[in-house]
Every structure is written in C-alpha cells, then in structure tokens.
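The values are calculated or read from the model by the stated rules, or taken from the named source; none is laboratory data. The shown structure was predicted, so the numbers you read here are calculated from the model rather than taken from an experiment. Cβ placement follows ideal geometry from the backbone for every residue including glycine, while neighbour counts extend to all protein chains displayed. Note: accessible area is taken over every heavy atom of the protein model, side chains too, but ligands, DNA and RNA are not part of it. Shrake-Rupley method; radii C 1.70, N 1.55, O 1.52, S 1.80 Å.
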Amino acid sequence: MHALFEDAGRFLAGRVLSEAESSAQIELDSGKRVKVKAANILLRFDQMAPADLLAQAQGLAAGIDLDLAWEFAPEDEFGFADLAREYFSAQASVAEQAGTLLRLFEAPHYFRRAGKGRFRKASAEVLQQALAAIEKKKQIAAQIDAWAGELAAGRCPEPIRAQLYKILFKPDKNAPEYKAVVEAARQTQRAPLALLQGAGAIASAYEFHWQRFLFEHFPKGIGFPELQAPAIADAELPLAEGVQAYSIDDSHTTEIDDALSVQGLGTGRVTVGIHIAAPGLAIAPGSALDQLGRSRLSTVYMPGYKITMLPDAVVQTYTLSEGRAVPAVSLYVSVDEESLAILGSETRLERVPIVANLRHDQLDGLVTAEWLENPGLDDQTLDTPARKGRPALSFLYRFARHLKAGREQVRGKPENFNRPDYTLRLIGNDGAVPTGAERVEIHPRARGAPLDLSVAEAMGLANATWGQWLAELGVPGIYRSQASMAPGVKVRMGTKALPHAGLGVPAYAWSTSPLRRYTDLVNQWQIIACARHGRTAALAAPFKPKDAELFSIISAFDAAYAAYNGYQAAMERFWTLKYIEQNGLAELEATLLRDNGGGVWLARADHLPLVFSALGGGTLERGARVRVRLGAIDEITLDVSATVLERLDATGGAAALAGADDEAEDGEVAAAGPIAIALDVDDTPAAAPGTAAEAAAP
C-alpha cells in the first residue's frame, strides 16, 4: 500500500510500512522513513509506484484549465477527488485525483484551502480582482525586464531618470524602477552608480551633487511662499545720536547683519558700537516667517550661489544697507582709549544710521595693517567712505588685536593664521544656479586681515557679552561651548552658559547673524526681552528655562548646519577640481599632513584649498613640502589621485605645522570618497508574479 501526503506545504508519496489509529510510518523512495499524521494522508493507492504517481500527477496538473475547473466546482466546500470526478470523469484515476490536488493547491486565487484536501472556490468578484492583480504583476515584471535591458544597453528610461535620487538614496525597494536598476546592475556586473552614469541618467557631476542635496534637504524645492515682511512693531525706536556705522562684508553679501561704529576718539573713553539687524523686533515667534526660518535654520552657501534662510524681500527689509537709519539691536562697549580695557557695556533697541557698506574684497589690499597703524601714510586710491572712517577703522583694528591677545591668553595658545583663506568666484552664472560648466577663479586671502579681524573680534565680543548677560538675568539662550582644547573634545550646543575653551571666552551665544542663522534669531528674541524688561526678562522672554522647544531647535539646527557646511565644503572641493582641469594643472606643490600607512600620505596643496591623498611619501615626515603629480579626477566622488615626485624643502618641515588641527584636516578631506547609496544589488531578485516569494519580497 502506498500513500500521498502533505508535509509542510509539499506533497510526498511513499510506501506504508505500518499504520496506527492516528499516524503511519511511511518509507520514501530515498529510503528515509517518516512518521505522518493520519490527517495528512490525502490519497492511498497500490497500482503504481509513488514516484510514477507524482510524475503523472504533475503532468496532468499542468493541463488542467483553471477557469473550466472553477466553473465545474460546486459552490459549497468540496474535496479534490470530488472535483476530479467532475473534471475528468466519474471514474477519475488516482493520478487524475492527485493532479487535481496539485493544481488546486497552487491556485489560491481560484480556490482557497478549507482544510486538508478540502477547498472552496473564490467568488467571481474576488477571482476577477485576483486575476487583474496577477496580470498587473506580470506587466510590471515585463516592464522591469525591459527597463533593465535598456539600462544594460546604455540608455536610461525616463521613469528611472525622474526618480534617480529617490532610487539611490531613499528607495522604495518594491518599486519597479528600483528593481530594474538592481537587475541591470546584476546582469552587467557593474556598480549601480557607474551603470547609471553610463546610461546617461546623470546629466553632469555638478547636477548630481546639487540634485542630491536638494532631494535630501529641500525636497519641496528652494522657492519661498508669498510672505510679507512685517514692519518693525516699535516704530518709535530712538535714533542713535552721533552714530556713524559701517558694515564690512563681501561684495556678494546681501544679508548684512552687522555694522560697527566708534565714538569718543581722543576723549580717553571710547564707545564701540556693535549694531545687529533686528528682524526679531518684527518677526514674531510662531508666525509664518518664523516657521519658514525654522524649517531652513540657516542660509546655505556654495561658490556662485546661496539658498537664503529668509526670502530676499524680507532680508532687504531688515538688512543694514547704507544710506538709511535701520532698526538694530546695539551693544555699546565702553573702552579705555589708552589701555583698551573694557569699562562697561549697554544694550539698546534703536535706529542706527548706516553710512557705508564697505566691501573687504575691494579694500583688503588697501586697508592694510600699515595703513591703519600709520596715520601719516596716505593712499589716494582709497574710496571716500574708507578714508573718512580711517580713525574708527584704526581704533577697531587696535581693539581687535587687544581682544584677540586676551582670548589667546585664556585659551593657552595663539590662534594660527598660517594658511590663507580662499575666495572662489564663478564666471558666467550671474547669480543663477550654476550648471558646473562655469569658469572658476580662486583668489587667496590672508587670514586675519585687518578688516576681517576687526569684524570677527567685535562679533565675538557681542556673542560673549550677550551670552553672559542672558545668564545673569536667568534668560535661557542657545550657547556654543567647548570643555577643553584636548584632542577629540568638540564644540557643542546647549542652553547653559558654559566656557568655550577654543575661543577663550566664559560663554558664547551666537547672536550676530539673525538674518542668516535661526539660532541667532532665537537668541535675539531673548536679548530684546532683556533690553526691554531687565531683571524681569525671564517672565517676558519667548523661551522659558528648560523649554523643550529650545532643545528641539538645537537638535534640528545641529543636523542642518552640519549638512549645509558639508555641502559647502563638497562644492568648494568640486570647483577646486574644476579649476585644476580648466587650467591644465598636472603638478602641485603640497605639504604632507599625516601618514595614513602603506606609503600613502594626506597632503594639502600649498596654493589651493585642496586636501588629498598622495602615494610615494615613503619615509618623509609630517610637514615636508613636496611636488606631486596629479592623476585622474573623479567629479562624482570628488577625489583626485596624486603621486609624490620630489621633496622641495630640507628636513625638519614639521615645524611648519605646529599647532595644526588634525580634526580640521579630516573635515577638509571628508567631502571626498565613495558615495554612499541605498541601492543594494544583493537584494532578493524579483520572484515570478503571484508566488509566495514575491509577496514576501521587501
């Protein structure tokens, strides 16, 4: 006697060795013996071998017309043998019965299982829906195959091009576009990014970086809704008497947040005014403009373009543009003219006359330390505002050097200005979004130039003074702090006024760029409350102590600001590599920064803003100056290969890097390297439509 039985969704057949009331011992053709529950035995037979029965049953099952079988099937629950007798004949053979069982079992859309060997046919409505779904899956599978074939042939289907960045970075792994890329990569044995590049999905390297950034951080686009800039509520702000303020910025700066003034020169007690644009006097917490600023958190900078935090019309309402008296939050610092000791400070809400917007990129070569320190030295090429403001600029520079020296004493070591800054300018985009084809110019700027230093130290003084003032009045703010300058100790943001070891100040609250950074706008609201209410400011300030909103803002700002800075660094690296290509530079002079092992050194170009890896450093030491030959440039990974050709200096070059910041070096090269994508060619291949494997696919 033989038996056909079900075992975990499979149908097996074998010889019955023994049988009890509830189970049987059955020997399979392989010789394996299994214990089978009596309820799982579906068919008994003795006229043919088990293997022959299964073979015949599978052949018969393939020929059964499911639509016809569904028509023959009774409306009520039935057994497979009953349907076999309806479909084949009243004397259906054992093989025909087994074939019917197999066919019913593999067609759950026609017949749902109602027990061991028992079935019930689906309703006509359910069947039509199931058949439509299966047909749709077949069409999708065919579409996946067609798209994969096009990609493999070097053509990118439009639906894949339209979803390129979603496929690469935030994919729906059930989407046919994603599956087509995976299948094509598997067929061609190519990396997905290389495959898509070869198929023309990526129009240009610049477009790839730009669209990836927008996809991740501005998925709804960079446009602004129609919002009006509210007028300053306190229209009767007093006019700052005797103040003649100057702003100092780059020529392309439109968000002019700050200006400086000097009064009382020659009296022995000089008043330095630090004047900050005051959008916080008009933009109310919770308003539409506030929500917009909070959604962006900062202006995004990149060579040739920027994405502002606030609409330009709003910025122009509050910016400190020349020739008008602009509402401002002013910090007045009283300074002993001889010793430069700070004697006191006062914060006022007022309207400040802006005499001129000075542009340091036009004046750096003219307003030099020598010109500022020697009143007798004249230069007829200087423009009128700078010439008129020379006494004030001279005092600000002298005061800035004094502030810097004091901070350096606290921080325990001097700030290094060994390396220049660089200005990257694109020619031809005229303020529009760059395409990557523009010509780029790179101009070095000495760090610590007088105008830069004057502004930086004044803003640092305002941030430190206001930070301490908020703490004294019990008003929470958003602070930046650093516990120490030990390696690995990073700058953190929080709501407590803690020391900033890197800057050498007891507290530091970003407050001087409210048009460009949301944290500064938040702090400005708190400062305005302090200016208006003094000791009771904690009761009137928008944000209270331990306010959960502040922690939420800090968390969101930290993430966004890091991403924006990362993109800026990546784009500066992109355009530096473009500069190398456009000018045909085959060799560079560089300084070795760190031995990465295996003869590979991290190096920094001496005359370009570029850090890269170089082979062939051998036994050279940190700080050695070398000449390198450049290799291939990859504009997608933003990488460039290089090989050391020769050493340019004598031994002992490490002294040139004394005090260098390893973490800063790591940050400069972090923009290069493999692109992390979310597309996995090892994902389970798409199963045939309608199968269990497809239903379970991710």
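Summarise the long-distance tail of P(r) for segment 1-90 by giving the % of C-alpha pairs beyond 17 Å. The calculated P(r) of segment 1-90 puts 55 percent of pairs beyond 17 Å. To put it simply, the accessible area of segment 98-182 at a 1.4 Å probe is 51 percent carbon and sulfur. About its Cα centre, the dipole of the chain is roughly 1080 debye, where the only charges are +1 on Lys and Arg Cβ and -1 on Asp and Glu Cβ. For segment 450-528, carbon and sulfur atoms together expose 58% of the accessible surface, with a 1.4 angstrom probe and every protein chain in place. Among 141, 78, 53, whose Cα sits farthest toward the positive end of the charge dipole of segment 1-147 (+1 at Cβ of Lys/Arg, -1 at Cβ of Asp/Glu, about the Cα centre)? The residue sitting farthest along the positive end of the dipole is 141. Estimated purely from DSSP H runs of n ≥ 4, each contributing -39500 (n - 2.57), the mean residue ellipticity at 222 nm for the chain is -11500 deg cm²/dmol once divided by its residues.
Charges were assigned to the Cβ only: +1 to each Lys and Arg, -1 to each Asp and Glu. The resulting dipole of segment 409-512 about its Cα centre is roughly 400 debye.
When the pairs 306/413; 137/166; 166/490; 166/306; 32/116; 220/544 are compared against a 31 Å limit on Cα-Cα distance, 306/413; 166/490; 220/544 fall above it.
Give me the 1.4 Å probe accessible area per residue for the chain, excluding ligands and nucleic acids, in Å². List each step's numbers first, then the result.
Working: 32450 Å² over 698 residues.
So the chain comes to 46 Å² accessible per residue, rounded to a whole number.
Summing Cβ point charges (Lys, Arg +1; Asp, Glu -1) relative to the Cα centre of segment 1-149 gives a dipole of roughly 520 debye. Which shape class applies to the chain: rounded if a/c is under 1.5, otherwise prolate when a/b exceeds b/c and oblate if not, where a ≥ b ≥ c are the square roots of the Cα gyration tensor eigenvalues? Judged from the Cα gyration tensor, the chain comes out prolate (a/c at least 1.5, a/b above b/c).
Using a 1.4 Å probe on the protein chains only, how many percent of the accessible area of segment 263-370 belongs to carbon and sulfur? Let's see the in-between values first.
Numbers: 1840 of 3810 Å².
On segment 263-370, the fraction of accessible area on carbon and sulfur atoms equals 48 percent.
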